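First comes the structure, then the notes that go with it.
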There are 2 protein chains.
Amino acid sequence: MIRTSDAARRTPGYYFPTPLAGAPDGLAAVCAALGHALGATRAARRPEGPLPAGDPTAVLAAAGAPLGPAQLPTEGIGPEGALRLLARVLVEHGVDLTHPHAAAHLQPPPLAVAVAADALADAGNASVDTYDSGPSAIAVERWVVDVLARLAGLGPAADGVLTPGGSLSNLLGLLLARDAAAARRGVDARRHGIAALPGPVVLCSELVHFSVHRACAALGLGEFAVRAIPVDGRRRMRPEALAGVLRNLGPERTPLAVVATAGNTDFGAIDPLPQLAEVTREHGVWLHVDAAYGFGALFSEHLAPRLAGLELADSITVDLHKLGWQPAAASVLLTAGAAAFAPLGREVAYLNPADDTDAGYEGLLGRSLQTTRRADAVKIAATLLAHGRRGLGRLVDTCHGLATHAQQRIAAEPELELVCPVELTTVVFRYRTPYPAMDDEVNARLRRRLAESGRALVGRTATRLAGPGSPRRVCLKFTLLNPAATQRDVDALVDAVLDAGRECLTELDRELDEEGAA
Amino acid sequence: MIRTSDAARRTPGYYFPTPLAGAPDGLAAVCAALGHALGATRAARRPEGPLPAGDPTAVLAAAGAPLGPAQLPTEGIGPEGALRLLARVLVEHGVDLTHPHAAAHLQPPPLAVAVAADALADAGNASVDTYDSGPSAIAVERWVVDVLARLAGLGPAADGVLTPGGSLSNLLGLLLARDAAAARRGVDARRHGIAALPGPVVLCSELVHFSVHRACAALGLGEFAVRAIPVDGRRRMRPEALAGVLRNLGPERTPLAVVATAGNTDFGAIDPLPQLAEVTREHGVWLHVDAAYGFGALFSEHLAPRLAGLELADSITVDLHKLGWQPAAASVLLTAGAAAFAPLGREVAYLNPADDTDAGYEGLLGRSLQTTRRADAVKIAATLLAHGRRGLGRLVDTCHGLATHAQQRIAAEPELELVCPVELTTVVFRYRTPYPAMDDEVNARLRRRLAESGRALVGRTATRLAGPGSPRRVCLKFTLLNPAATQRDVDALVDAVLDAGRECLTELDRELDEEGAA
């Protein structure tokens, strides 16, 4: 077996400016390059808070400026210079998710083991679509899918695939459900499209993630195919309301799927899965569970029982780049059986001709809308093996504990109003003002004030405070995913909100006075 | 600003088993962890060839075995143990794209600078969907999009977005084209779906990538919406044939898009873009160019002229995880204008409420089907800055040179038949046998023989050798993307094919003798 030798490298035309990451000593080059980046991050002026202070337009301009004009330079500055430059840009003008006051989104500070494993996978650049683009990566993905399916309680026939994120997992789940329902109606959606499919309907809680609407638009169903089912006082889909809607769908309608949520983005609310599964089974409708956020609760012995019924789903969206401390993307679509993936089966001459498949040369092309697909499973496998259920469960419990601490603190503050009891690791609340008509404005403004000062990064949402039909009001939200944060950090975060609220009120009073005087 | 202190870490309930990658010293922990992986890759038994020898089923089983039973362990083995284990699995049972005999797929051995930059981005875990999930990552993505749009020759109004791969870029481009065409027909596809859209048609060369068919199925159009246009002798779409089909589409048909290819996966063929653009302009049809493979030719002064006309496209698919030496994913969908993204616009209470957007808090949510989206642009920016157009152009020219060398060598070998002249960095050819009826079987078998022995990884496809209507025949393919490989490596690869072909012939002769004797 001939390896590229130094002699061969002197062949005319040879030009090779930088090491290849996957070569026998390529990972050493990656480590060295990362060392340059590390040096630059240490020398960079890290913002004091979780994000850079300043008006967002100014921050974006400052972040882009060091990159130079938007034109490909003729000559490069070399790997070291490029890495130092980008490390500085990312640290000085980026978000710091490890900062204890970063509490806006379901975006965790990732574990070092996951980042290192992802770099290892990147260096090899295996792709899981065909056997010969990376057999080991395929084996690792199959292991991860099997482990997660088992954790979900699915049976031995379960299957699944990694996807680039929860929104695309939901889209894929709905595509499989759509084509299965079409087939039962005698419509070959894959070949003929869905024009002949009578009145497609997707049923879900009124609080379902917007990616379900987006998926319906992408899949050609239109957003109006979504039928919103009302929620109960704990913001969970009402099974009897679902049953009523399904009973009353006429024969001119085709229910494609019920989308239940296990861990609403804002409230962490978990729909009553066993009751919903009973309804979907009775009506023969596909049950998709969007557990993008909630799935990670299975790592915790304490919280896992809240996901009872998950094993009854036909498909499940999992995002371990939420409660799982992975860098994005680490999403999985699990299915109750492999047959669910039938609509994605393809034989392609350059990838999986039948005689190769018969000989065992098989990849994962038939489970995905992607062709080349990165080995995202490697970082997940590394994390599961490194920390086990107990280690990850403790991270979940720690963040849940921070949320319940925040809840107590908020409930005890007269200036704050708790909107909803904590379910997982988010807390939704409001800052109260003496002028209720101004509450929305003050809450929105105080959040921007904190962000612009760089002091704290708090989430925001809107919800009905007074039941069905009441107006949606602006709320604040802590999304607590930093297991290194402490109760003291949470207290300081609450204090920062209170300070900003008072500042906004003073500002608003002054504005009202000026308006009155004018 | 309070930072988590050692004192705070002693708060009851605190449990934190592993460093967070994005913390001030988190990157040091990533480097250390990667060091463990590096140690394990050095100690591992690297296969002699580009992939492990053995029957594929056995290889996959051997790769999965070290991971243990498919069950989440209760206790973890720690980050070091997990990384060592996975490093060994990936090296011992994976593909080595840096091996000079890895020549099967459009999957390059990635540059160390790109892998290090991707690890840097991973550590921070910024997401580009909203301002406050990572302003610097947004600035970097905007810079990369602008640089690539300019390189493509698009005007100052151009826009674009990163996607998880070429197949999804094609899907997104067709979604935008579909909804724009529907709007012109008075159909609000986003809300009402496409049931009322009359006879949707997507026109493309008969050699278009299968992801276009898949996208049509996903988008609810059905694969039968694809109308295949014949190709010329150089496997390029015939503009006059396209014009004829468009002229003859009745009013009951809606042409959604013409999909041209700039760099066919197998042959590198580039459709005649200026002529196709003239036809699409005349008929007012969206021109999408799938330049997933070919775009990188723009880095080369020598090859760039072949992409003339690319600037006339309405949307362009770019994959820098092909001719760009990035780890996957590094795909971009470029558009001629920002208005193209209108169908994806969404206002979401927890992400981009209108008052925040008015205040400048804006992310890239409205350009993507994804929500959380990793900062894939960082590695691309690092590579463009590090090597510039000249450095990347030399990599492209080196690989193109290897392909033309392979072409000469193949043309000179009586046992081999060149199928098509080299355009970019692939070479399609066949092994000739004395029994033409057996050629397909021998070519397929010799490729598997090489793979199973682990000696060489050669591509495969099927194509019509004798013009329209002739049967598709099995061909072999070298996909040459390793800039560290030499002409001598290519010669050795050709020798390996010749050896395997002769072995297969001997084997087949023996089989035929045995059949005759039986």
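Where a number appears in this text, it was derived from the coordinates with a stated rule and is not lab data. The structure presented is a predicted model; accordingly, all values stated were derived computationally and were not measured. All Cβ positions, glycine included, derive from the backbone under ideal geometry; neighbour counts span all protein chains shown.
Results, tabulated for the structure shown:
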read-out	value
Alpha-carbon centroids, region A:70-108 and region B:247-268: separation in whole Å	40
Distance histogram in 10 Å bins (all Cα pairs of region A:75-129, percent per bin)	18, 32, 38, 13, 0
Kirkwood hydrodynamic radius (C-alpha pairs) into Stokes-Einstein, region A:404-449, 4 °C and 1.567 mPa s, D in µm²/s	115
GluC sites (Glu not before Pro) within region B:52-103: DSSP coil, no more than 16 neighbouring Cβ in 10 Å	B:Glu75
FRET E, pair A:Asp355, A:Glu301, Förster distance 60 Å, beta-carbon r, rounded to 0.05	0.75
Rg to Rh quotient for chain B, alpha carbon positions, Kirkwood Rh	1.00
Ranked list, fewest to most other Cβ atoms within 10 Å of each Cβ, for B:Glu141, B:Glu514, A:Glu48	B:Glu514, A:Glu48, B:Glu141
Translational D in µm²/s for region B:439-479 (Stokes-Einstein at 10 °C, 1.306 mPa s, Kirkwood Rh from C-alpha pairs)	146
Area projected by the alpha carbon convex hull of the protein assembly as shown, averaged over all directions, nm²	40.8
Overall dimensions of region A:18-96 by Cα: Rg and Dmax, Å	14.7, 47
Cα-Cα over 18 Å, subset of A:Lys379/B:Lys322; B:Lys322/B:Lys379; B:Lys322/B:Lys477; A:Lys322/A:Lys477	A:Lys379/B:Lys322
Reduced Cα scattering model of region A:94-247, Debye log10 I(q)/I(0), q = 0.18 Å⁻¹	-1.28
DSSP-defined beta bridges in chain B - what % are antiparallel, rounded to 5	55
Along each principal axis, Cα extent of region A:387-517, largest first, Å	64, 36, 23
Region B:165-236 versus region B:447-490: alpha-carbon centroid distance in Å	30
Theoretical FRET efficiency, 1/(1+(r/R0)^6), r = Cβ-Cβ of A:Ala342 and B:Glu514, R0 35 Å, to 0.05	0.35
Least to most buried among A:Thr357, A:Thr463, B:Thr98, A:Thr371 (fewest other Cβ within 10 Å first)	A:Thr357, A:Thr463, B:Thr98, A:Thr371
FRET efficiency, 1/(1 + (r/R0)^6) with R0 35 Å, evaluated for B:Ala53 and B:Arg234 via beta carbons	0.35
Inter-copy separations for A:Glu301, label at 7 Å along Cα-Cβ, nm, ascending	6.9
B:Phe299, A:Phe295, A:Phe224, B:Phe210 arranged by Cβ crowding within 10 Å, fewest neighbours leading	A:Phe224, B:Phe210, B:Phe299, A:Phe295
Peptide B:193-200, shielding by other chains (average Cβ, 10 Å cutoff)	5
15 Å beta-carbon shell around B:Glu452, net charge (K/R +1, D/E -1)	-4
Region A:173-282: radius of gyration and largest Cα-Cα distance (Dmax), Å	13.8, 44
Histogram of C-alpha separations across region A:303-408, 10 Å bin width, %	11, 31, 32, 17, 7, 2, 0
Residue-averaged 222 nm ellipticity for the protein assembly as shown, from DSSP H runs of 4+ at -39500 (n - 2.57), nearest 500	-13500 deg cm²/dmol
Space enclosed by the convex hull of the alpha-carbon atoms of region A:231-369, per residue, Å³	155
